[in-house]
Amino acid sequence: MAKSEMKSGANIGSASLILIFIVLCLGTFGLLSLTSAKNDLDLAERNAAAVSGFYQADAKGEEFRMEAERQVNEGLKKDPAHPEAFLKEHFGEAYLSEEQAVLAQIPMDSGQALTVKLGLSWEDGIGKAGILQWNVYNCEEYEIDQDMPVWSGE
């Protein structure tokens, strides 16, 4: 009788060990899944903020384009032959007289800016602002940290 009790006790112990191992594995995978989901959420929020910032800057660029077109037409009303003086007065340094263009730099998040360069024309008494340049660039210099602290054994 003592042998049968010993044999059944060993079976219960091995089943318990397997069950404990399975529970530990499931708990570990559950924690890894939660960590991965949190990282995905953080990435999605950063992406949403970047896209939102771009579209806000893009909307300001469109407002600038409409304003430039309106100012060209206003300059044509004041002096139909030469609206350049009015444009230079209104836009200041943003007006590039040699190119007949206006330039705006709209700041965004993360050290970026949207550059909008519009070519102005006024043929047939109608002012137009055509897009010459519309791009995002990094306006801050960044330096990648390439230091790797490795233990030298000393």
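The values are calculated or read from the model by the stated rules, or taken from the named source; none is laboratory data. From a predicted model like this one, the values you see are computed outputs, not experimental measurements. Quick reminder, even Gly has a Cβ in these numbers, built from the backbone with ideal geometry, and neighbours come from all protein chains shown.
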So A68, is it closer than 19 Å to C139 by Cβ, in contact (Cβ under 8 Å) with a residue 60 or more places away in the chain, small (G, A, S) and part of a helix (DSSP H, G or I): no
Residue within the stretch 119-141 that is surrounded by 11 or more Cβ atoms within 10 Å (Cβ to Cβ), small (G, A, S), modelled with pLDDT of 85 or more and closer than 29 Å to N47 by Cα present: no
Residue match in the stretch 84-92 (condition: buried (at least 16 other Cβ atoms within 10 Å of the Cβ) and of a type in the set (A, V, I, L, M)): yes
A49 vs. criteria in contact with a strand residue (DSSP E or B) (Cβ under 8 Å, 6 or more places away or on another chain) and either under 14 Å from A129 (Cα atoms) or not aromatic (F, W, Y) (or both): no
Any hit, the stretch 94-112, residues being free of Cβ contacts under 8 Å to residues at least 60 places away in the same chain and assigned to a helix (DSSP H, G or I): yes
